[in-house]
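What follows draws every value from the coordinates through simple rules; no lab data is involved. What you see is a predicted model; the values in this text were computed from it and never measured. No Cβ is skipped: glycine too gets one built from the backbone with ideal geometry, and neighbour counts run over all protein chains shown.
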Amino acid sequence: MPAFSPLELTAKKCVPCEGGVPKYSLAEAQAQLAPLSGWTLVHNGERIRKQWVVKNFLAAMAFFNDVARIAEEEQHHPDLHLEGYRNVAIEIWTHAIGGLSENDFILAAKIDRLPIKIRA
């Protein structure tokens, strides 16, 4: 399976998944992750995660609101983590298959296009 560029991924839409779709192999996940900046494989290669340190609590909440808007548009919902009021992390995987699918990388690429106020 060829890896898509971030631009190609953002042009796609998430497809509803109720299971029955094979999850990405570790090699497929690593290949698709390569063009995405800052995302890492976690949970034995079954999820992707990215972390940021934002300017302040309000910057974290604004970012999460933007992520929520995209997640609703795509009908694909990530786990959002906020620790220490400005340490932000997002984990994405396809819950219905217990692993990674193309939807996860589409959502990650769209999240990467959002504005975020990083700690200076």
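Using a ≥ b ≥ c from the Cα gyration tensor of the chain (square roots of the eigenvalues), is it rounded, prolate or oblate, where a/c under 1.5 gives rounded and otherwise the larger of a/b and b/c decides, a/b for prolate? Because a/c hits 1.5 or more and a/b exceeds b/c, the chain counts as prolate. Cross-link list LYS13/LYS55; LYS50/LYS117; LYS50/LYS110; LYS12/LYS50; LYS12/LYS55: which exceed 23 angstrom alpha carbon to alpha carbon? Among LYS13/LYS55; LYS50/LYS117; LYS50/LYS110; LYS12/LYS50; LYS12/LYS55, the Cα-Cα distance tops 23 Å for LYS13/LYS55; LYS12/LYS55.
Relative to the longest principal axis of the Cα atoms of the chain, the long axis of helix 57-74 makes an angle of roughly 30 degrees. Over all other residues within a Cβ to Cβ distance under 12 Å of LYS23, the charged ones net out to -3, with Lys and Arg as +1 and Asp and Glu as -1. Taking amide H as placed 1.01 Å from N in the peptide plane, the amide H of LEU100 sits under 5 Å from that of TYR24, THR94, each at least 5 places away or on another chain. The HN-Hα couplings worked out from phi for segment 76-89 by the Karplus form 6.51 cos²θ - 1.76 cosθ + 1.60 (θ = phi - 60°) are 9, 10, x, 8, 10, 10, 10, 10, x, 6, 8, 8, 10, 9 Hz, whole numbers, x standing for Gly and Pro.
Under the definition of Cα pairs under 8 Å and six or more residues apart, what whole-number percent is the relative contact order of the chain? Don't skip to the answer; put the middle values down first.
Numbers: 189 pairs, mean separation 42.9, N = 120.
Relative contact order, the chain: 36 percent.
Around PRO115, what is the net charge, scoring Lys/Arg as +1 and Asp/Glu as -1 over all other residues with Cβ under 13 Å from its Cβ? My count for the surroundings of PRO115 gives +3.
In order along segment 9-15, phi translates into HN-Hα couplings of 5, 5, 7, 8, 10, 5, 9 Hz, rounded to whole numbers, per the Karplus curve 6.51 cos²θ - 1.76 cosθ + 1.60 with θ = phi - 60° and x for Gly and Pro.
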